[in-house]
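Asks: Please see the structure below; I have some questions.
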Amino acid sequence: MSKIKIAVLCAIIIFALATPFAVRQYKIKQLRRQKEIEHANACNNNLRLLDSSKQQWALEHKKQKTDTPTMEELRPYFGQGPNAIAPACPDGGVYMIGSLGEKPTCSVPGHFLP
């Protein structure tokens with residue numbers, strides 16, 4: 001075999017081996033990104049729940065914008081009864097409820113109420 005044929009054969013083998021690896025790496029990256037988006041969306045929904053629970057609590061208890069509820073005070077407004085489980089960030093973030101004049105926040109970057 002000539003050197004050119006060997007070089008072409010080596011290039012074909014390398015391409016045949018590298019293509020599935022590159023495709024797999026691309027799919028893994030896409031799955032990670034999709035998981036990050038799903039977690040951020042779930043966290044945003046939890047923050048919306050906290051915010052609406054704060055508003056309901058404020059209306060029922062005639063609170064001012066400077067008042068801050070506790071998670072325990074908001075529990076009945078989570079829609080699952082008085083023994084409801086407080087929402088949790090899927091990435092392990094910590095929720096800060098804040099006063100009525102503020103939006104609730106999450107400690108994970110990228111998780112926020114728009």
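The values are calculated or read from the model by the stated rules, or taken from the named source; none is laboratory data. Since the structure is predicted, the reported quantities are computational estimates derived from the model, not experimental observations. No Cβ is skipped: glycine too gets one built from the backbone with ideal geometry, and neighbour counts run over all protein chains shown.
Asks: I need a count of the residues in region 31-53 that are basic (K, R) and crowded, with 17+ Cβ neighbours inside 10 Å.
Replies: Adding up the residues that qualify gives 0.
Asks: Considering region 54-84 alone, what residues qualify as being surrounded by 14 or more Cβ atoms within 10 Å (Cβ to Cβ) and of a type in the set (A, V, I, L, M, F, W, C)?
Replies: Within region 54-84, W57, A58, L74, F78, A84 qualify.
Asks: Kindly indicate the residue of region 51-66 that is touching a residue at least 40 places away in the same chain (Cβ under 8 Å) and either polar (S, T, N, Q) or out of contact with any helix residue (DSSP H, G or I) (no Cβ under 7 Å at 6 or more places or on another chain) (or both) and also nearest to H111 (Cα to Cα) among those meeting that condition.
Replies: The qualifying residue nearest to H111 (Cα to Cα) is D51.
Asks: What number of residues in region 66-100 are in contact with an Asp or Glu (Cβ under 9 Å, 6 or more places away or on another chain) and either farther than 13 Å from L49 by Cβ or of a type in the set (S, T, Y) (or both)?
Replies: Here the count works out to 7.
Asks: Every residue in region 85-112 that is among the hydrophobic types (A, V, I, L, M, F, W, C), exposed (fewer than 15 other Cβ atoms within 10 Å of the Cβ) and touching a Ser or Thr at 6+ places or on another chain (Cβ under 8 Å), please.
Replies: Matches in region 85-112: V94, M96, F112.
One line per residue, one yes/no per condition, for (1) modelled with pLDDT under 95; (2) touching a Leu at 6+ places or on another chain (Cβ under 8 Å); (3) not acidic (D, E):
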site	(1), (2), (3)
Q64	yes, yes, yes
M71	yes, no, yes
R75	yes, no, yes
I85	yes, no, yes
G93	no, no, yes
C106	no, yes, yes
L113	yes, yes, yes
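Asks: While we're looking at this one, here's another question. For A11, indicate whether it is of a type in the set (G, A, S), farther than 20 Å from T105 by Cα and assigned to a helix (DSSP H, G or I).
Replies: Criteria met by A11.
Asks: With respect to the numbered conditions (1) farther than 18 Å from E36 by Cα; (2) acidic (D, E); (3) assigned to a loop (DSSP other than H, G, I, E, B), which one is the sole condition not fulfilled by E73?
Replies: The one condition E73 does not meet is (3).
Asks: Of the residues that make up region 40-62, is at least one modelled with pLDDT under 90 and either basic (K, R) or at positive phi (or both)?
Replies: Scanning region 40-62 turns up no residue that is modelled with pLDDT under 90 and either basic (K, R) or at positive phi (or both).
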